[in-house]
Each structure stands twice: as C-alpha cells, then as structure tokens.
Amino acid sequence: MTKKKRYVQQMRCSGGRNTLVKTKLALLGATLVALAPVVSATPAMAQQNSGLYVLHTPASGTCPSLDWHILLQPNGSLSGFAAWDQMKHMARLNGTIAKNGAFKMNGQEVGGEDRTAVVTGTASGYYIKISINGSGTGCDNKIFSVPRFASGLAGGGG
C-alpha cells in the first residue's frame, strides 16, 4: 500500500472526508498565518528588520566586485564584513543604522595592507545606496545602488 493510500485510509477511519478537508484547510490557514508578515512587509519596514543582509556590488572601474554580509541587530547596530577577489580579501565592518535608514560603518581590512575605510549610505525604498570613502582604492567615492531583500528571504535583506 502506498503512503498516499494509507493516508487516505487513515483519514477515512478517523472521520471520513470531512476530516480530510478540515485538515487541508487547517494546513492552508497555518501557512497563510506564517506568511502574513512576509507578504505585508513594506520596504520601509524591511530596513528595521534585524537579521542578516547579504549584498553584492558589481565591479566599477578599478573597484572590484564586493560581497557584503551585514548583521543588523534590533538596537540598530551593524556588524559584518565585505570581501573581494573571490573572498581572498576581507574587511570587518561595524556601525549603526538610524530609524530613517541612514547608516555608517567603519571598515578595517583583515591582514593585507590593513587599510581602513568609512562606508555610508541609506537603506530606503527598494534599494540600498552604499558609498565607500577613505580606503585609498578605486572604490572611494563610488556610489552603489543595490536591490534590497528582507533578511532570511534572499540575499541582497535586507
């Protein structure tokens, strides 16, 4: 006997077709309740959601593509890293985000040339705007506009 036939037989023994329909409706209802916060979240709300935001900025001129992993805490603190050259180089990031979505993070290269930089930007609407300054690299004064996704749902938060 297949799993499906066994399931249908068990459902009939425990109350017939009505029980099977009620079970399916209960599962559908539970699914809708679980998805309600995701569906109702607006971009403005997403900037305040704590969690992991994974972003990618493309190469621009002499600035290499960067992979960003930023953890947003409920208190607005930010921590994480940016990596480049296929994750061979990395900089630690720490900072804060304001309620209006403006953020600032200080970056410190791990190993390598031990460079520092300041990363500023805004997280509002459907995009996160990122600017890097003070690194002494081709990334300085470039503004990147990255699509944002809520944490836990996709890469790119946040």
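Tabulated data
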| quantity | calculated |
| --- | --- |
| Filter result for residue 53 (of a type in the set (Phe, Trp, Tyr), surrounded by fewer than 15 Cβ atoms within 10 Å (Cβ to Cβ) and either assigned to a strand (DSSP E or B) or at pLDDT below 90 (or both)) | no |
| Which numbered condition residue 44 misses (of (1) surrounded by 11 or more Cβ atoms within 10 Å (Cβ to Cβ); (2) assigned to a helix (DSSP H, G or I); (3) at pLDDT 50 or above) | (3) |
| Residues located in the range 68-81, provided they are within 14 Å of the chain's Cα centre (by Cα) and part of a strand (DSSP E or B) | 68, 69, 70, 71, 72, 78, 79, 80, 81 |
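The values are calculated or read from the model by the stated rules, or taken from the named source; none is laboratory data. As the structure is a computational prediction, the values presented were derived from the model and not from experiment. Note that each Cβ is placed from the backbone with ideal geometry, even for glycine, and that neighbours are counted across all protein chains shown.
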